[in-house]
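Bear in mind these aren't lab numbers, they're just calculated from the coordinates by the rules spelled out. The structure presented is a predicted model; accordingly, all values stated were derived computationally and were not measured. Here the Cβ positions follow ideal geometry from the backbone for every residue, glycine too, while neighbour counts run over all protein chains shown.
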Amino acid sequence: MAEPVLQVKNLRTMLDLPGGPVPVVDDVSFDVGVGETLGIVGESGSGKSMTALSIMQVLPKPIGRIDSGHILLEGIDLVGISEQKIRQIRGREIGMILQDPHTSLNPVFNVGNQVTEALQIDNPGTPHKTLLARAVDTLKKVNVADAERRIHAYPHQLSGGMKQRVVGAIAIAGAPKIIIADEPTTALDVTIQLQYLQLLREIQDETGTAIIFITHDLGIVANLCHRLVVMYAGKIVESGTVADVFGAPSHPYTEALLKSVPSVDRKLDRLYAIDGQPPALVTNRAGCSFAPRCPYVLDICRIQEPLESRGPSGGASHCASCWNIERTT
Amino acid sequence: MLRFVLTRLSQMLVSLLVITFIVFSLSHLTGSPIDSLLPDDATPQQIASLTEHLGLDRPYYVQYLTFLQNAAVGDFGDSTKWKGSTAAEVVLERLPATLQLGGLAVLISVVAAIPMGVMSAVRRGSIFDRMAGVVALLGQSLPAFWLGIVLMWIFAVILGWFPTSGYGGLTYMILPAVGMAWFQIAALTRLTRSAMLEVLDTEYVKLARIKGVNERQVIWKHAFRNAAIVPITYFGVLAGSLLTGSVVMETVFAWPGTGLLAIDAIRGRDFPVVQSVVLFFAVFYLLANFLVDVLYAIIDPRIRYG
Amino acid sequence: MARKLKFLEHLPFLPIAVLMIVLIVPAFFADMIAPHDPYKAYLRNRMEPPLFFGGTTEFILGTDRLGRDILSRIMHGARYALIISLAGIVLGAIVGTLLGLIAGYMRGHIEALIMRVVDITFALPSILLALALASVSGPSFELVIFVVIFVIWGFFARQVRAETLILRELDFVARARVAGASDFRILYRYILPNIVNTIVVLATLQIGVVIVLEATLSFLGIGIPRPVPAWGLLVADGRQLIVSSWWISFFPGMAILLTVLSVNMLGDSMRDWLDPKLRRV
């Protein structure tokens, strides 16, 4: 694997809820290489968005905080650095695309204003006219047709897909080394989704930026990502290359997720659904979080947390945290 | 935008018609104005000639139209208390004093309440936030006229920092303006706070932070510009309570503005002056609300183009 | 029952105690507990300061310009504060509830007309109406009550209409209609009982507003006529004498402040208890 741009090491993020602090990201570690696309997969509440917000350090105030761990951007630890410094990282080194384009643009500023603002942070003191011209260029890069006119439009005058392109333009405006896309296509129509994914791929080909793609849709991961990590209840339960994980899912949760993807080749009578609910946020729990829903549960699963072990695919980076990894399915 | 302005303008005119009709009707409610204009021993000829002169023998709606016509050019007749002036002249003469005081009160409210509301929201749950909450509760419960007197007692009588009452420069204006502003500060702080809390929680504020915008700009540009819509709608209400405030505080501090004029005119049974003050207040109030609507549209593009 | 007990637990004792002492007890028993006749002028004890400020136990809160006992006047004034605010609110609630029920139940042009009138009354500052009325009729009890009704009926009409709109579509109303119940019976038996809580809470929340409104009008001389010792008038009595005798204005104003503060706090807990959905209003 290429030299990693971003390394997350043993990250632990807490939410201080009324009932006490709760770990929403729990001992999470992963690397992202230059030009690589990493998928983070999980149900809602699995901690995947919180991981992204931790990297950007825009956790919900005042209840969210990074408890421990390291986030290394090209070797420099972002945890614990000053607000001033992290602000220079945001937008310039790491860009981010949020889930819902309908709410992520500020309704009272026009498109040009919101894009130039992102450009300006990188180049303070640039005349407004130059910035505006560059905003048009940036919008063209994300395939916004008629960009010269669109910079005067307000968000409510644009379609969802168009808004998400603008958000994309804002993300790439600072020419970041890494873009975090948090379910960027969930709120879009299916046809628009595909266009948007294609766009992300083009951007990556052109700029060589790394992408962290957060989703619950394994189909997208298979198409877009090189590697993936699967999160459940704040922890990474399995990680590896797309080929390894899809070829030989080792964690029962991954296996269940794969089974629940509708597919044309696999003729299923009905869609597979995982029994039970994802666990509620709690402070302490013994054993594996997936145990209550796991079809292969062993006694030890309920007592002790599983350790990470090499997956059966034999892939170098394929790991899973499960006691019953040798099971026969 | 033009259509929006025209609609609001026509709504304003309807309200104004309703108010003029009420004012007009009130003047005929308690019998003929002749009684108050002529001495008790007036001859029938005198009564008849005055009745004809005032047009009181004509049908009600004709009288109303005449009233409207006169009101449109600011003619409400002569003041009965301030002899030798028309009612409109009396009101206009007092107007600058009220505008000075009201302007200062608005300035104080905005300068105090907006930062307080924003900071309360940004530092939600802090000691500062809780203190602002107490100020808000007190603001709702303090009767303004009593607050004025207590301010006068503490800062003018005991401490001697300001003159007790009367007309003059800034030192004379501070206490009544603070008295007028107090309630607005409470209400405006609360509104700003809740609006900011809502906006600070949105995705676009999150995205602004993600872009790398500094925190001051996140708060004042991205969040406040959106949150400001709520306090601005309140300015319409503010105009109404400023009217009440000016009547109360001008009475307390003997500030010779239109509010005090209204009270004096009522005591002196000077109906033309009361009429013109009431109509003037009404026009001011409606105009303020109209401007607020337009401002609202300028700030929020969704309304402008909607 | 459980809910009732819970309310008792959270019962705000301090506001209730203050209200009893400042408003309720004096309003009913001023004749018995007031140390002096509120109208009697002790001309030799004019502008006597309160106890601890050079005064005596004879006039605990001091006397006014004519030597009338301020404590006794405040106690008797409580009656007017209570009567006027209750009368105004009850009448305003009745008018507003009736029109709100009609608007919400009848719909159509009637609803549009009523709600338009609500909008217009909200758009008119009450001080304008009070000034205009007072200039014609002079200060009077009727005027104050009329202004109070004018100010508050719209709140009731708006809320009651909104709830009636929802209730009239519910099954039990439809069943009653199928069973042949008259419109009046439906409104009275089925809809009204379901909005009583809301009305009570709204009324409580309005008491503070109404007491301040009444006191303000009286203070300006366009409310309750003299010589009644209404609180607003008592404050006005001391306005010219603030340099020499601060207590004349101070204590009656304190009575208003304590009453309104307590009522507002009480209103908040009533709302949380009876009608949580109003919390965001």
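General remarks:
- Local net charge near residue C:30, Cβ-Cβ under 10 Å (Lys/Arg +1, Asp/Glu -1): +1
- Within chain C, helix-based [θ] at 222 nm, where runs of 4 or more DSSP H residues each add -39,500 (n - 2.57), nearest 500: -22500 deg cm²/dmol
- Per residue convex hull volume, Cα atoms of the protein assembly as shown, in Å³: 249 Å³
- For segment B:126-203, alpha-carbon Rg and Dmax in angstrom: 16.0, 53
- FRET efficiency estimate (nearest 0.05) - Cβ-Cβ, residue B:134 to residue A:137, R0 45 angstrom: 0.25
- Convex hull volume per residue in cubic angstrom - Cα atoms of segment C:72-216: 115 Å³
- Degrees between helix A:128-141 axis and first principal axis of chain A (Cα, 0 to 90, nearest 10): 40 degrees
- With Cα atoms, 0 to 90° folded angle of helix A:160-173 axis to chain A main axis: 80 degrees
- Cα long-axis angle, helix C:108-123 against chain C (0 to 90 degrees, to the nearest 10): 20 degrees
- Helical content of chain B, expressed as a calculated mean residue ellipticity at 222 nm, amounts to -24500 deg cm²/dmol (DSSP H runs of 4 or more residues, -39,500 (n - 2.57) each, divided by residue number, nearest 500).
- Around residue B:87: net Lys/Arg minus Asp/Glu count, Cβ-Cβ under 9 Å: -4
- D by Stokes-Einstein for segment A:29-100, Kirkwood Rh over Cα pairs, 10 °C, 1.306 mPa s: 118 µm²/s.
- Residue-averaged beta-carbon neighbours from other chains (10 angstrom radius) around B:211-222: 5
- Evaluated at q = 0.10, 0.15, 0.19, 0.21 Å⁻¹, the base-10 log of the normalised Debye intensity for segment B:179-306, with identical point scatterers placed on the Cα atoms, takes the values -0.48, -0.81, -1.05, -1.16.
- For segment A:79-137, the fraction of C-alpha pairs farther apart than 19 angstrom is 42 percent.
- Shielding of B:145-156 by partner chains, average beta-carbon count, 10 Å: 6
- Segment B:117-142 versus segment A:90-153: alpha-carbon centroid distance in Å: 37 Å
- Normalised by 2.2 N^0.38 Å, where N is the number of residues, the C-alpha radius of gyration of segment A:85-223 stands at 0.99.
- Listing A:288, A:301 from fewest to most neighbouring C-beta atoms within 10 Å gives A:301, A:288.
- Across segment C:13-274, Cα-Cα distances exceeding 27 Å account for 47% of all pairs.
- Over segment B:88-304, the pair-distance histogram of Cα-Cα distances with 10 Å bins from zero comes to 8, 28, 31, 20, 9, 2, 0 percent, rounded to whole numbers.
- With Rh defined as the Kirkwood radius, the inverse of the mean 1/r over Cα pairs, the Rg/Rh of segment C:1-116 is 1.25.
- Inter-centroid distance (Cα atoms) of segment B:220-283 relative to segment C:17-86, Å: 33 Å
- Each Lys and Arg Cβ is given +1 and each Asp and Glu Cβ -1; about its Cα centre, chain C then shows a dipole of about 520 debye.
- Ranked by the mean number of other Cβ atoms within 10 Å per residue, highest first, peptides A:52-59, B:10-17 order as A:52-59, B:10-17.
- Over segment C:134-192: Rg over Rh, Cα atoms, Kirkwood Rh: 1.28
- Counting Cβ atoms of other protein chains within 10 Å of each residue's Cβ and taking the mean over peptide C:262-271 gives 1.
- A P(r) calculated from all alpha carbon pairs of chain A, with 10 Å bins opening at zero, reads 6, 25, 33, 24, 10, 3, 0 percent.
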